[in-house]
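One structure below.
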Amino acid sequence: MNFSGATVGAGIFVVAYALSLVAYSARIMKRYPGDRGIRFGSITLIVFLSTIAAYRIPEFQRSFDWILPVLVFPNLILVSLTLHFLVHETIMDARKSRTRNGAKGKE
């Protein structure tokens, strides 16, 4: 396979882009250690955006014809888990809020 300068540059961009997303995501995860919705959401975002960036490289498009279906399934699972945890944590926060407000209203 013969790589041109543009392909090498695009490959370096994809790697740098993924590493910057990982660094930013690690910072978010440290800020919210118990929030699983944010953890799965940032991992989902990294996988999705890195896949899109890698798909833009012309020489890799032929390989992505058979790799892309393999990457879509884990991304779908990550999206489902993210939505599950976001809904679950929202419901739990609403219940805690009602409990606190209900206790104040009875006094």
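Every number in this text was worked out from the coordinates using simple rules, so none of it is lab data. Everything numeric here is computed off the predicted structure, so don't read it as measured data. Cβ: placed from backbone, ideal geometry, glycine included. Neighbour counts: every protein chain shown.
Nearest 10 degrees is fine. How inclined is helix 61-106 to the longest principal axis of the chain, computing both from alpha carbons? The answer is roughly 10 degrees. Taking the chain as the reference, fit the longest principal axis to its C-alpha atoms, fit the long axis of helix 5-31 to the helix C-alpha atoms, and give the angle between the two in degrees, 0 to 90, nearest 10. Helix 5-31 sits at roughly 10 degrees to that axis. Each Lys and Arg Cβ is given +1 and each Asp and Glu Cβ -1; about its Cα centre, the chain then shows a dipole of about 720 debye. When you filter the chymotrypsin sites (Phe, Trp or Tyr not before Pro) in segment 4-107 for DSSP loop state and at most 10 other Cβ atoms inside 10 Å of their Cβ, nothing is left. Count Lys and Arg as plus one, Asp and Glu as minus one, and take only other residues whose Cβ is under 15 Å from that of Ile77; the net charge is then +2.
For the chain, find the longest principal axis of its Cα atoms and tell me its angle to the long axis of helix 36-55, 0 to 90°, nearest 10. Around 20 degrees separate the two axes.
The value of relative contact order for the chain, using C-alpha pairs under 8 Å at least six residues apart, is 32 percent.
Sparse packing (at most 15 other Cβ atoms within 10 Å of the Cβ) combined with a DSSP loop state is found for the following trypsin sites (Lys or Arg not before Pro) in segment 1-77: Arg56. Once both labels are positioned 7 Å from their Cα atoms along Cα-to-Cβ, the gap between Met29 and Gln61 label points is 3.4 nm.
Matching the structure-derived Rg/Rh (Cα atoms, Kirkwood Rh) against the labelled list (1) 1.03; (2) 0.93; (3) 1.22 gives the label (3).
Taking every DSSP helix (H) stretch of at least 4 residues in the chain, weighting each as -39,500 (n - 2.57) and dividing the sum by the residue count yields a mean residue ellipticity at 222 nm of -31500 deg cm²/dmol.
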